[in-house]
1. Tell me yes or no: at least one residue of region B:63-80 is over 17 Å from residue A:139 (Cβ atoms) and more than 19 Å from the chain's Cα centre (by Cα).
2. Condition test on residue A:161, is it within 14 Å of chain B (Cβ to nearest Cβ), modelled with pLDDT under 90 and over 26 Å from residue A:9 (Cα atoms)?
3. Mind checking whether some residue in region B:106-118 is within 14 Å of another protein chain (Cβ to nearest Cβ), assigned to a strand (DSSP E or B), out of contact with any Leu (no Cβ under 8 Å at 6 or more places or on another chain) and of a type in the set (Ser, Thr, Tyr)?
4. Quick check on this structure: which one of B:70, B:76, B:8 is of a type in the set (Phe, Trp, Tyr), modelled with pLDDT under 95, buried (at least 17 other Cβ atoms within 10 Å of the Cβ) and closer than 27 Å to residue B:175 by Cβ?
5. Out of the residues in region A:23-42 meeting the condition of being touching a Phe, Trp or Tyr at 6+ places or on another chain (Cβ under 8 Å) and of a type in the set (A, V, I, L, M), tell me which one is surrounded by the most Cβ atoms within 10 Å (Cβ to Cβ).
6. Which pairs turn up if I take residues in region A:129-156 that are within 11 Å of another protein chain (Cβ to nearest Cβ) and look for partners that are among the aliphatic types (A, V, I, L, M) and not in a helix (DSSP H, G or I) with beta carbon separation below 8 Å, at least 6 apart in sequence or on another chain?
7. Go through region A:162-180 and report how many residues are in contact (Cβ under 8 Å) with a residue 12 or more places away in the chain and assigned to a helix (DSSP H, G or I).
8. From the list A:115, A:155, pick out the single residue that is modelled with pLDDT under 90, within 25 Å of residue A:78 (Cβ to Cβ) and among the charged types (D, E, K, R).
There are 2 protein chains.
Amino acid sequence: MQAIRSYFDKLVKLNDLEFAEIVRVMKKVSLSKKEFLLNEGEVCDFVAFIEKGVFRYHHEIEGEEKVIAFFFEREFVSNYRSFLTGQPSEYYIQALEESEIWIIRKADLMRLYDKFPKIDRLGRFIAERLFLAVTARLDSFLFSSPEDRFQSLIKQNPALFERVPQYMIASFLGVTPESLSRIRTRVTGNY
Amino acid sequence: MQAIRSYFDKLVKLNDLEFAEIVRVMKKVSLSKKEFLLNEGEVCDFVAFIEKGVFRYHHEIEGEEKVIAFFFEREFVSNYRSFLTGQPSEYYIQALEESEIWIIRKADLMRLYDKFPKIDRLGRFIAERLFLAVTARLDSFLFSSPEDRFQSLIKQNPALFERVPQYMIASFLGVTPESLSRIRTRVTGNY
């Protein structure tokens, strides 16, 4: 709970009542390793704060998995596009470790937005942060080499390789596992 | 003005006072063809509603221009990342026709957010729309062929080819002008 409050506080200072109202609608859920939080074809009607664990956001094209993003502790995980539009998800969200999350349903969040302008503002800040995250990723695909993308990835998540299988990281970077090994050796001297 | 009100009304119903407060801080600016609204290296401290004209959002890497987006009438144009973060823009925003826009400065917008919760909510909706636009573009780069991207582009903007030089469209699609000609012939039967 303290982690969520700190996360919010960095964006908007909520008072105790406002925070209590959010807590009241949050539901704790535990997932085992490999369990799906969201399946392809389902509408994503939640955002979830990760207390413990790591998730991948991926889909399958012609039997091939493509990883779009990883989500870690102390951030929100959601298919925010499906959440906003009500369209079925084209992606899976899967726990890669035993995980614990706090789920907030869309209907509850909309009620809080209407009731508390500061929570509405919190929603604006979260949307803005997501916008920045996805533009950074678009830029990295348009303008960076796989090696640059690798370097910024390990800078953000130094423990990534200990928690996520290497073939998923390769998929995320858009390279083959063999290329990733070569890049990794070149950049870090490790293998 | 009516175009702006309609645009806002589709997102949040503002009352006359709230709309008047926005109008009060908007400044009309005319740009000639090829004039820059934003230069690389400048901080983008505005959002601008396009009343007339078309803009491109692009940058230069080693002397080569790369077009990221086009902006048309009845939408907002901005480097929203630079606007949010206060970091200098890595992009240019350039008018491709004689254009007329309404500029809102960041400092004014922040004051309105503080004063009017419904305008703050409007800001959330705009951030959410931008998030959806950029995720769609990221998906199109990760998963669509240039031909699919071409088709969705002309579906969104049937008059695009009459207003924007073909080499810029090719740059936006990530193909050579020659490939674009071939795709265009194949898809539309035109050349």
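1. yes
2. So residue A:161 does not fit the description; no.
3. No, that holds for no residue.
4. B:70
5. A:37
6. Every condition considered, the pairs that remain are A:137/A:69; A:142/B:68; A:143/B:61.
7. The qualifying residues number 9.
8. It is A:155.
The values are calculated or read from the model by the stated rules, or taken from the named source; none is laboratory data. Only a predicted model underlies this, so the values are computations on that prediction, with no experimental measurement involved. FYI the Cβ positions are ideal-geometry reconstructions off the backbone, even for glycines, and counts take in every protein chain you see.
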